[in-house]
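The values are calculated or read from the model by the stated rules, or taken from the named source; none is laboratory data. Just so you know, these numbers come straight off a predicted model, no measurement behind them. Backbone-built Cβ (ideal geometry, glycine too); neighbour counts: all protein chains shown.
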Amino acid sequence: MRLTRTLPLLALGLAACETLPEGIEEEDVARYDAAVATIGCDMVSEADYLPVELQAGLNRQQVLDITAMKVERQEALRLENGGVRVVSGPCTPAAEPAPVETAEAG
């Protein structure tokens, strides 16, 4: 009985984590992801933010809101230089291949 009462609360908590910032739609995030990928996935300066705004059709506040959401969801990492690196969507880092073992000639 206790489990059935907990599941709706858990679902509500998960749904809250997936909420988008006010005024942002899923399509906006998809356009943001595509635009960020074209600049190399790092958002540091005006030279990074402006092309993302123009390509995605978003204003600066929308870009900042999406970036903050991605940091909160761990889909972007803070960089030492004050910027962020998006690590989701088209910017997901490629998995490193496992080392190939070779048979030693003997």
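Evaluated against (1) more than 17 Å from Leu20 (Cα to Cα); (2) loosely packed, with under 12 Cβ neighbours inside 10 Å; (3) under 13 Å from the mean Cα position of the chain (by Cα); (4) in contact (Cβ under 8 Å) with a residue 12 or more places away in the chain, Cys91 falls short on exactly one condition, (2). Which one is surrounded by the most Cβ atoms within 10 Å (Cβ to Cβ) among residues in region 20-42 that are in a helix (DSSP H, G or I) and of a type in the set (A, V, I, L, M)? Here the answer is Val36. Under the condition of being within 11 Å of the chain's Cα centre (by Cα) and either part of a loop (DSSP other than H, G, I, E, B) or in contact (Cβ under 8 Å) with a residue 40 or more places away in the chain (or both), which residue from region 43-83 is surrounded by the most Cβ atoms within 10 Å (Cβ to Cβ)? Filtering region 43-83 for residues that are within 11 Å of the chain's Cα centre (by Cα) and either part of a loop (DSSP other than H, G, I, E, B) or in contact (Cβ under 8 Å) with a residue 40 or more places away in the chain (or both), the one surrounded by the most Cβ atoms within 10 Å (Cβ to Cβ) comes out as Ile66.
Just one of the numbered conditions (1) over 23 Å from Gly83 (Cα atoms); (2) modelled with pLDDT of 95 or more is not true of Arg31: (1).
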